[in-house]
Structures are given as structure tokens and as C-alpha cells.
Amino acid sequence: MALRNLVIEGDPLLRKKSRPVDEITPRIIKLLDDLADTMYYENRGIGIAAPQVGVLRRVFIVDIGDDHGKIEFINPEIIEMSGSQVGSEGCLSVPGKTCEVDRPDHIKVKALDRDGNEFVLEADDLLARCICHENDHLDGILFIDKSVDGKVYRVEEDDDDDEEEE
């Protein structure tokens, strides 16, 4: 198990566009494994992208706890989007903050798996939201950039009251 340090909001690395993976090497496989370890064991997230651990490659994983389990994406490309859903989002790289974000309700995404096989996945609801959120990381976009009303809220673990932040 290898946990990687998270890159936190304010670090310019999070705003850079990630490069495609040209070849799936043992380093890319290790990156996928480290992303899962970092997401599951240290941070309890439902998605994490390579830039969040300081690697500017087009790789992310998601696991929303449904029948799909962990899904690994290499060089993902969202090829269809439809509908709309507004919901609250947070991010491992933007700790303690949340905001309302409008995402597609349905997407179709094409990517490679760890064996280099291309797959196409249709996703709805939370899975679509999560994939879009992680895919944005690959283009240097954070969820707070997409706040529907321009407001970002600070979330305190021991406090039920949300404080608005500008």
C-alpha cells in the first residue's frame, strides 16, 4: 500500500492541463494503485485524479460504492452529455469547502483500462457527477470554479452551520 500526498488548492499544479498517457507502463499501473490507496485508506473519497497527487497525466479512478465498484480511467474522453443535475460537491484537494455545481445527469465516457483495452461507459446521477468532477481535474478545473451561484461554503466537521465564504 502506498499513500501519496494530496496537492491542495492554491498549488498551481492543480490548474495545469494533464498530458495523455502514451503507453501503459508499470509506472502508470503503480499510479492507479496508489490513487486507490490514497482515496480509500487515507481520505475516504469517491474519486481521485492523478493531478491531485502531483502527477499531470490523464488518469483518474472513481468508486461511488455501487455495483460498478472501482473504475479506472486512462485518457478519458466524455463523448456524450445530457440532462442536468445540481448538487453539492466537495474535493479531497479543496478540504473543508463545498458548493452547488450543475453537472450533466447522463454521460457516455470512453477510456482505456489498465490493460490498455478501450471501454465505453454510460453513467447517470452520482456516477456521472463524479466522473465529470474527476475529468475536470485533468484540465485544471476545480469544482469551485463551477459554483452555480458563485458561493463556496466552509464545512466544519464538528459544526452543522455552514459559513459562506467569498
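Quick note: the coordinates plus some simple rules give every number you see, no bench work behind them. Worth saying up front: this structure is predicted, and the values here are computed from it rather than measured. We place every Cβ from the backbone using ideal geometry, glycine too, and count neighbours over all the protein chains shown.
Of all the residues that make up the range 73-109, how many are part of a strand (DSSP E or B) and either of a type in the set (A, V, I, L, M) or in contact with a Phe, Trp or Tyr (Cβ under 8 Å, 6 or more places away or on another chain) (or both)?
17
Quick one: would you say ILE8 is outside any helix (DSSP H, G or I), of a type in the set (Val, Ile, Thr) and closer than 17 Å to ILE131 by Cα?
No.
Does ASP149 count as more than 23 Å from THR38 (Cβ to Cβ) and in a loop (DSSP other than H, G, I, E, B)?
So ASP149 fits the description; yes.
Any residue in the range 40-66 that is in contact (Cβ under 8 Å) with a residue 40 or more places away in the chain sitting within a Cβ distance under 8 Å of a residue that is part of a loop (DSSP other than H, G, I, E, B) and of a type in the set (Asp, Glu)? List the pairs, counting only those 6 or more apart or interchain.
ILE46/ASP63; GLY47/ASP63
Which one is surrounded by the most Cβ atoms within 10 Å (Cβ to Cβ), of the residues in the range 82-111 that are of a type in the set (Asp, Glu) and within 15 Å of LEU127 (Cβ to Cβ)?
GLU89
Consider the range 115-142. How many of its residues are surrounded by 15 or more Cβ atoms within 10 Å (Cβ to Cβ) and either outside any helix (DSSP H, G or I) or small (Gly, Ala, Ser) (or both)?
The qualifying residues number 7.
Among the residues of the range 19-68, write down those that are among the small types (Gly, Ala, Ser) and within 13 Å of the chain's Cα centre (by Cα).
Passing the criteria: ALA36, GLY45, GLY47, ALA49, ALA50.
Just give me the residues in the range 25-67 being more than 16 Å from LEU3 (Cβ to Cβ), touching a Lys or Arg at 6+ places or on another chain (Cβ under 8 Å) and surrounded by fewer than 19 Cβ atoms within 10 Å (Cβ to Cβ), in sequence order.
ILE29, LEU56
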